[in-house]
Structures are given as structure tokens and as C-alpha cells.
Amino acid sequence: MKYFLTIFICGLACGTGWAQSEKSLGYDKISKFEDQRARVQLNGLWGIIDWNGDEIITPQYQRIMPYKQQRARVLKDKRWGMVSWEGKEIIPTIYDTMGNFKDQKAKVSRDGKWGLVHWDGHEIVPVKYEVINEFSQGRALVKADGQWGIIDTEGREIVSPKYDKIKAFENDRAKVQLNGRWGIINTEGQEIVRVQ
């Protein structure tokens, strides 16, 4: 008994025993393991541990979404970003919102403006549009200064925002309206029927 007590006290005092390890104190919550990763909560903040209990990410985020394709969206100071499987912050926590990734792209917003970010961290489309619609046939409608335009999946403006309305593409053609008059454009933004 005396021998055990000596080891216990040394563990506390020497800083080498389990009593000094923050990990040994446990967490407030541990989520279900998925692909050998689990979210953990400590003092209201979330982190990630691996299958062995080692911290991949120390608890620091307000939210961590489940990993998808070895990436997870994270919330810190009410801003969204993304971390890698290894716990590296790929996309800094600078966005008010971050949508789900589709084809390695997600819509993001900041201060009421929208853009597109690639999951490797770079902005495909700067956060500058009032609206970015969903992509269809490799094109998405965007709105800036009250006018509509079109971008492709690489973020290139096929049509700079200049129309009052643009309808969805059908058979590689879309109707456009400007000053009450209608015309037609193709997927490259060329006016097949000019808007006078």
C-alpha cells in the first residue's frame, strides 16, 4: 500500500504519471467513431481524436461536422472553415456560411456576399455576388448590383452581370431580358437573338 501511494504521489508531483495528462481526464462528450475518427467535446469546444485516443485536433471549435471524403467543416468564432483528415486547417475560418461540397466545390458567404471555394482551399469565385444559383450543364446564374450573369465551373464569367433576368438553359439556349425586351444566348454567352 505504501509503495502504491508513493507511485501515485510521484505521478502527480513529477508530471509524468497519468494524473497529469489532460487526455486521461477524459472529455465531456465523445461522438461515435467513423473511419477511426471521433469528435470530442471539452469545456464546450470540439476537437478530433483517432482510434488510439490521440488528439488530431485539440478542442477549439464551436462545431465540427462529420468527415466527408476526409474533410470536415468547422466553426470557430461564428465563422466556417475546413480541416483535413490530419487536422490541418485547409480553409481558414473566415466564412459566415459554407455549403456542402459538390464536385469539390462549395458556396460560401461573407458579409452578405457569395463566392465559391475549392476544397483544396482556394477561392474559385471571390466572395462578391449577391446570389449564386446551383450549377446546371456547367453553368450557374450569378447576381451582382441587381443584374444577372453566368459563370462556369472554373469561376470564369461567361456573361458579366448585365441582364434583368436570365432563364435556365434548355438545349444549350437561355432566354435573357434587358429593359423589358427578350433575347436568347448560348452557353458561351453569345446572343443568338440580340436584346435591343
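No lab work stands behind these numbers, since they all come straight from the coordinates. Values in this document were obtained by computation on a predicted structure and should not be read as measured data. In this analysis, Cβ positions are derived from the backbone assuming ideal geometry, glycine residues included, and neighbour counts consider all displayed protein chains.
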Query - Whether segment 87-179 is rounded, prolate or oblate, judged on the alpha carbon gyration tensor where a/c under 1.5 counts as rounded - result: prolate
Report task. Quote the relative contact order of segment 70-179 in percent (integer), defining contacts as alpha-carbon pairs under 8 Å separated by 6+ residues. Result -> 12 percent
Query raised in the report: With the contact rule set at Cα under 8 Å and sequence spacing of 6 or more, what percent relative contact order holds for segment 20-96?
Result: 16 percent
Query - Estimated dipole of segment 121-186 in Debye, rounded to 20 [Cβ of Lys and Arg +1, of Asp and Glu -1, Cα centre] - result: 320 debye
**Report entry** Cα-based helix-to-principal-axis angle, 2-14 vs the chain, degrees rounded to 10
**Finding:** 40 degrees
Report summary line: For segment 20-96, shape from the Cα gyration tensor axes a ≥ b ≥ c, cut at a/c of 1.5 then a/b versus b/c, turns out oblate
Requested in this report: Might you report the magnitude of the Cβ-based charge dipole of segment 20-96 about its Cα centre, with Lys and Arg at +1 and Asp and Glu at -1, to the nearest 20 debye?
Outcome: 320 debye
Query raised in the report: Using r as the Cβ-Cβ distance of residue 77 and residue 113, and R0 as 30 Å, what FRET efficiency do you calculate, to the nearest 0.05?
Result: 0.95
Query raised in the report: When you take every Cα atom in the chain, what is the radius of gyration, and what is Dmax, the widest Cα pair distance, in Å?
Result: 25.2, 97
Query raised in the report: If you add up the charges near residue 140, with Lys and Arg at +1 and Asp and Glu at -1, over every other residue whose beta carbon is less than 9 angstrom from its beta carbon, what do you get?
Result: -1
Report task. Grab the Cα-Cα distance for residue 100 and residue 88, subtract it from 0.36 nm times how many residues apart they are, and report the gain in nm with one decimal. Result -> 2.4 nm
Query - Contact order normalised by residue count of the chain, Cα under 8 Å, 6+ apart, percent - result: 7 percent
Requested in this report: Within the set of other residues whose C-beta is less than 14 Å from the C-beta of residue 180, count the net charge using Lys and Arg as +1 and Asp and Glu as -1.
Outcome: +2
Requested in this report: Could you size up the charge dipole of the chain around its Cα centre, putting +1 on the beta carbon of Lys and Arg and -1 on that of Asp and Glu, and report it in debye to the nearest 20?
Outcome: 480 debye
